[in-house]
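Undergrad: There's a structure below that I have some questions on.
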Amino acid sequence: MSARVKIEIGDLFSMQLPNGKSAYCQYIFRHSGFGDLVRVFDHITDAPIGSITELEMANLLFPPVFVGLVAAVKDGRWTRIGNAPVSGFAFPRFRDTMGTKPGTYHDWSIWDGKKHSMVGDLPEEMRALELKSIWGCDALADRIVAGTYRGDRML
């Protein structure tokens, strides 16, 4: 039987990317129905950081995303490097559609963590919202390296 993984809000993690570099994220919220929400910092390094203070002023690479956090930590792909307060947190909105491939859809809704609000065609100002989805750690690492993902082409 494997040991239980203890993760707390504010925990900071390093993740090894496929290109050999390291990326960093912070666990910011646990949604009762959708899981663990993290923010990924726009701070990619060739070698592991010396101190979590390097992340204090870092911007975000993209809006917060849901991930399979426990699995990523349990199997050693993500390493806890510290804990820091989660300041200024407000639950983000997510865009949602039944579409699964790049293209234009007319059934968009916006999810605020509690309810969906139908919008139909996705307004320009909502196209930067994250898709409502749960990322696996490998897929998230690939997205970080590529700098884009198929959701960028779903309108």
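The values are calculated or read from the model by the stated rules, or taken from the named source; none is laboratory data. This is a predicted model, so every value here is computed, not measured. When we count neighbours, we look across all protein chains shown, and the Cβ atoms used for this are built from the backbone with ideal geometry, even at glycine.
Undergrad: Kindly check whether there is at least one residue in the range 94-113 that is over 21 Å from Q16 (Cα atoms), charged (D, E, K, R), part of a strand (DSSP E or B) and in contact with a Pro (Cβ under 6 Å, 6 or more places away or on another chain).
TA: Looking through the range 94-113, none of the residues is over 21 Å from Q16 (Cα atoms), charged (D, E, K, R), part of a strand (DSSP E or B) and in contact with a Pro (Cβ under 6 Å, 6 or more places away or on another chain).
Undergrad: Looking at L12, L69, L60, can you tell me which residue is over 20 Å from K114 (Cα atoms), within 14 Å of the chain's Cα centre (by Cα) and loosely packed, with under 15 Cβ neighbours inside 10 Å?
TA: On the way: L12 fails: loosely packed, with under 15 Cβ neighbours inside 10 Å; L69 fails: loosely packed, with under 15 Cβ neighbours inside 10 Å.
Unique residue meeting the criteria: L60.
Undergrad: Kindly check whether there is at least one residue in the range 21-38 that is under 12 Å from C137 (Cα atoms), of a type outside the set (F, W, Y), without any contact (Cβ under 8 Å) to a residue 60 or more places away in the chain and not in a strand (DSSP E or B).
TA: For the range 21-38, residues under 12 Å from C137 (Cα atoms), of a type outside the set (F, W, Y), without any contact (Cβ under 8 Å) to a residue 60 or more places away in the chain and not in a strand (DSSP E or B): absent.
Undergrad: Here is a list: S51, S109. Which entry is hydroxyl-bearing (S, T, Y), more than 21 Å from R143 (Cα to Cα) and loosely packed, with under 11 Cβ neighbours inside 10 Å?
TA: Working: S109 fails: loosely packed, with under 11 Cβ neighbours inside 10 Å.
After applying the criteria, what remains is S51.
Undergrad: Looking at the range 67-82, can you tell me whether even one residue there is among the polar types (S, T, N, Q), touching a strand residue (DSSP E or B) at 6+ places or on another chain (Cβ under 9 Å) and either in contact (Cβ under 8 Å) with a residue 12 or more places away in the chain or within 28 Å of S22 (Cα to Cα) (or both)? Step through it out loud before you land on a result.
TA: At the first step, the residues of the range 67-82 found to be among the polar types (S, T, N, Q) are 79.
Pick out the ones that are also touching a strand residue (DSSP E or B) at 6+ places or on another chain (Cβ under 9 Å) and you get 79.
From the residues that got through so far, the ones that are either in contact (Cβ under 8 Å) with a residue 12 or more places away in the chain or within 28 Å of S22 (Cα to Cα) (or both) too are 79.
Yes, the range 67-82 contains a residue that is among the polar types (S, T, N, Q), touching a strand residue (DSSP E or B) at 6+ places or on another chain (Cβ under 9 Å) and either in contact (Cβ under 8 Å) with a residue 12 or more places away in the chain or within 28 Å of S22 (Cα to Cα) (or both).
Undergrad: In addition: Against the definition (more than 20 Å from R153 (Cβ to Cβ) and either part of a loop (DSSP other than H, G, I, E, B) or touching a strand residue (DSSP E or B) at 6+ places or on another chain (Cβ under 8 Å) (or both)), how does P63 come out, yes or no? Talk me through it step by step, then tell me what you get.
TA: Values: more than 20 Å from R153 (Cβ to Cβ): no; either part of a loop (DSSP other than H, G, I, E, B) or touching a strand residue (DSSP E or B) at 6+ places or on another chain (Cβ under 8 Å) (or both): yes.
In short, no.
Undergrad: Got at least one residue in the range 136-154 being of a type in the set (K, R), closer than 28 Å to K21 by Cβ and surrounded by fewer than 18 Cβ atoms within 10 Å (Cβ to Cβ)? Steps first, please.
TA: We begin by selecting, within the range 136-154, every residue of a type in the set (K, R); these are 143, 150, 153.
From what is left, the residues that are closer than 28 Å to K21 by Cβ are 143, 150, 153.
Retained after the next criterion (residues that are surrounded by fewer than 18 Cβ atoms within 10 Å (Cβ to Cβ)): 150, 153.
The answer is yes; a qualifying residue exists.
Undergrad: Looking at the structure I just gave you, is R77 under 29 Å from S14 (Cα atoms), of a type in the set (K, R) and loosely packed, with under 15 Cβ neighbours inside 10 Å?
TA: Taking the combined requirement at face value, the residue does not satisfy it.
Undergrad: Given the conditions (1) modelled with pLDDT under 95; (2) over 25 Å from P18 (Cα atoms); (3) surrounded by 13 or more Cβ atoms within 10 Å (Cβ to Cβ); (4) of a type in the set (A, V, I, L, M, F, W, C), report the number of the one that A128 does not fulfil.
TA: (3)
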